[in-house]
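Q: Right, I'll just put the structure down here and ask away after.
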Amino acid sequence: MKRFDKGYIYSALLSDLLGSLVILFFLMEEIMLESETPPVGLLSILPGILGAFAVIYLCFITYRILYYMTSGYQLTEKEIKCNRGVLYRRRSVLEYKNVHAINKKQTLLHRIFGIAVLTVDSGSTNTFHQAEITIIEKSRTVDALVNELNALKESGVRTAEGATEEVLLSEDDSLYRFTSKSKMLYTLINIASTAFFTALLGVMTIIVLGICKLILQLDSLGTWGQYFLFAFMITLGSMLLFSFFSFVGCMIHSFVGYHKFNITKRGNDIQISYGLLERHTNTFSYNRIKAVKISQGIVQRMLGFASIKLEVIGYTTNTGKDNSAELGVLVPFCKYNEIGDILSKVLPGFIPEKKQTRAVAFFPFVSWFVLILGIVSGVVLIEALLPMLIFKVSSSVVAAVICSVIGSAAVVLLFKILSAVLSYQNNGIAVTNGKITAYYGGFTKNITVFNAKNLIAAESVTTPLREKAGISSLVMHIKTNAITNEIKVHIQQDSLSEEIEQLLTL
C-alpha cells in the first residue's frame, strides 16, 4: 500500500505551528487571569513558555508522523483501498463501479508543497457527511488519478497497463465563466439586498419611536424635524455600515472563492473548478445528479438574475471530515433568461418546464401566521399591561405601549403579506416525461428540477377546511446529501398529490 506524499507532513506542521501558538496564547491568558500572585517579568517565565510550546508542538509532530506512517492507498484490479487515522483507524474499500464523485482540493499551503487532497465518494446516504476515500499526493499525481478513476468507474476493472492517459482541460473548453464583470455585479446585488432589509428594519424602528414620541411627548427626541433628521441619518448610517461589510465579504467570496471558476465536460463527466486560496476541482458523472436548484433573491428577481446549484451526493468540499454537505454550485450568478442556454450545454435534461399548476387560494398563505401573530401580540400586551395597571402607570405610557405593540405587529403582518403574495405567485408544479419542476418560495424564489426516479416519497398536507375545498400542500422527498430533502409546494389542487404518487410506482 502506497503512503501519502511527505508534503502532507510539511504543510500540516506549518499549519500546526500557528495552531500551537494560538493554544499557548489562550493557555497563558487563562493562567494569568486565575493567578492571584502579581505578574512576574517576561524573562523569568520565558523558559516555561518555550517548554509549553515545545510540548504542544511535539504532540502535533507526533500525530502527523503517526498519521503518515499509518495511512496510504492502493488501486487494485476492481477497487480502491485506503487506510487512515491514528487513534481511530479507518479502512475503506470502494469498487470502481460505485465511484460517485471525485473531488480535488488544494489549499495555499498545499500549493506551496505541491500536493493536493483527493476525495472519492460512493454517494451512499449512510456516509453523506464524509468521503469514503481520502488520498494526499503530488498535484500532478492527483490529476492522473482523477482521469484514471473517471475511466475506471465506467469499465469497473483496472488493466495491467495502469493509469489512462491524462486529459488536460483548458479554459477555452469552459462551458461557463464567472467573469470579473459578473463578480462585481454579483457583489453589488448582494449589497442592495443587505441595504433593502436594513432599510426595512430602520423603518420599523422609526415607526415605533415615532409612536412613543407622539403619545409620550418625549422632549429628549427633539422636535419632529430633528427627530426625523436623526432617524434618517441613523438608518442611512446603518445601511452604509452593513453594506460596507457586505461589500467586503462579497468581494472576497466572489473574487477569491470563485477565482477562475469554470465548467468543463468530457463525455459523461462534468468538472467544476474554482478557488484561489483553496482550489477545488469537482468531477462527477451526469447520471449522478439528483436535482438542479435555481434561486432568486428579491433583488435578483427585480434585476433579472439568478444562481444555479446542483444536488449531487459526494459533490462537496469535504476532505474526509464532517461537513454540512450543502448543494454544490453550478453557476453562482447569471441572467435569468440565460438559464435555459446554460443548462442546454451542461445539463439538457434539467431545463425547467413552465408551471402547469398554480396556487389556488391566497388566504391559506397567511391564515396560520395571522392566528399565531394575534396570539403572541395578545400575550405580550397582557404581560406588559398587567404590571402597569397594578402600579397605576399613567394612561399616556399605557397608550404608547399598546400602540407600539400594535404598530410592530402591523409592520410584521405587512411584511408577511408581501411574502405571501410572492409565494402565491411562485408556487406551482410541472410534470413532463418523468421530470418534475417545482416552483416555491416567497422573497427567495426557488425552482427545483429533478427526475421522477429520484422521488422517494410524497405526501399531502392539509386541514379539514382545506380538504373540503379540495386543496393541500404537496411535500416531495428526493434523494440528496441529507438522506431526504423536502420540497414543499403549497396550496395546490389535492388531485395533484395523486398524480405525483403514481410516479412512485413507475
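Q: Quick check on Leu94: is it farther than 18 Å from Asp143 by Cβ, in the same structural domain as Lys290 (by TED's automatic domain parsing), touching a residue at least 12 places away in the same chain (Cβ under 8 Å) and not small (Gly, Ala, Ser)? Steps first, answer last, please.
A: Numbers: farther than 18 Å from Asp143 by Cβ: yes; in the same structural domain as Lys290 (by TED's automatic domain parsing): yes; touching a residue at least 12 places away in the same chain (Cβ under 8 Å): yes; not small (Gly, Ala, Ser): yes.
The answer is yes for Leu94.
Q: Still on this model: Mind listing just one residue for me: the one in segment 248-270 that is under 30 Å from Lys153 (Cα atoms) and without any contact (Cβ under 8 Å) to a residue 24 or more places away in the chain and, of those, surrounded by the most Cβ atoms within 10 Å (Cβ to Cβ)? Spell out how you get there, then give the answer.
A: Taking segment 248-270 as the starting set, the residues that turn out to be under 30 Å from Lys153 (Cα atoms) are 257-270.
With without any contact (Cβ under 8 Å) to a residue 24 or more places away in the chain added as a condition, the list becomes 257, 259, 267.
Details: Gly257: 18, His259: 16, Gly267: 11.
Here the answer is Gly257.
Q: Can you work out which of the residues in segment 385-411 that are without any contact (Cβ under 8 Å) to a residue 24 or more places away in the chain and within 22 Å of Phe369 (Cβ to Cβ) is surrounded by the most Cβ atoms within 10 Å (Cβ to Cβ)? Even if it seems obvious, please write down each step before you answer.
A: Let us first name the residues in segment 385-411 that are without any contact (Cβ under 8 Å) to a residue 24 or more places away in the chain, namely 385-395, 398, 401-402, 410.
So of that shortlist, the ones also within 22 Å of Phe369 (Cβ to Cβ) come out as 402, 410.
Values: Ile402: 16, Ala410: 14.
For segment 385-411, the residue satisfying everything is Ile402.
Q: Would you check which residues across segment 252-270 are in a strand (DSSP E or B) and within 20 Å of the chain's Cα centre (by Cα) and list them?
A: Scanning segment 252-270 gives Asn262, Ile263.
Q: Identify the single condition in (1) more than 30 Å from Ser419 (Cβ to Cβ); (2) within 14 Å of the chain's Cα centre (by Cα); (3) at pLDDT 80 or above that Leu330 does not satisfy, given that it satisfies every other one.
A: Answer for Leu330: the failing condition is (1).
Q: Any idea which residue in segment 1-55 is farthest from Met69 (Cα to Cα), counting only those that are modelled with pLDDT of 85 or more and among the hydroxyl-bearing types (Ser, Thr, Tyr)?
A: The qualifying residue farthest from Met69 (Cα to Cα) is Ser20.
Q: Assuming Ala192 fulfils every condition listed in (1) modelled with pLDDT of 70 or more; (2) of a type in the set (A, V, I, L, M, F, W, C); (3) closer than 30 Å to Asn150 by Cα apart from one, which condition is it?
A: Evaluating Ala192 over (1) modelled with pLDDT of 70 or more; (2) of a type in the set (A, V, I, L, M, F, W, C); (3) closer than 30 Å to Asn150 by Cα leaves (3) as the failure.
Q: So, Arg91, is that one buried (at least 19 other Cβ atoms within 10 Å of the Cβ), farther than 21 Å from Asn282 by Cβ and not hydroxyl-bearing (Ser, Thr, Tyr) or not?
A: On the way: buried (at least 19 other Cβ atoms within 10 Å of the Cβ): no; farther than 21 Å from Asn282 by Cβ: yes; not hydroxyl-bearing (Ser, Thr, Tyr): yes.
Judged against the criteria, Arg91 is not a match.
Q: Filter segment 350-373 down to the residues that are in contact with a helix residue (DSSP H, G or I) (Cβ under 8 Å, 6 or more places away or on another chain) and part of a helix (DSSP H, G or I), then identify the one that is surrounded by the most Cβ atoms within 10 Å (Cβ to Cβ).
A: Phe350
Q: Would you confirm, using the coordinates I've provided, whether Tyr424 is over 27 Å from Tyr286 (Cα atoms) and surrounded by 15 or more Cβ atoms within 10 Å (Cβ to Cβ)? Outline the logic, then answer.
A: Values: over 27 Å from Tyr286 (Cα atoms): yes; surrounded by 15 or more Cβ atoms within 10 Å (Cβ to Cβ): yes.
For Tyr424, the condition - over 27 Å from Tyr286 (Cα atoms) and surrounded by 15 or more Cβ atoms within 10 Å (Cβ to Cβ) - is met.
The values are calculated or read from the model by the stated rules, or taken from the named source; none is laboratory data. Note that the structure is a prediction, hence the values are computed from the model and not measured. Neighbour counts run over all protein chains shown; Cβ positions are idealised from the backbone, glycine included.
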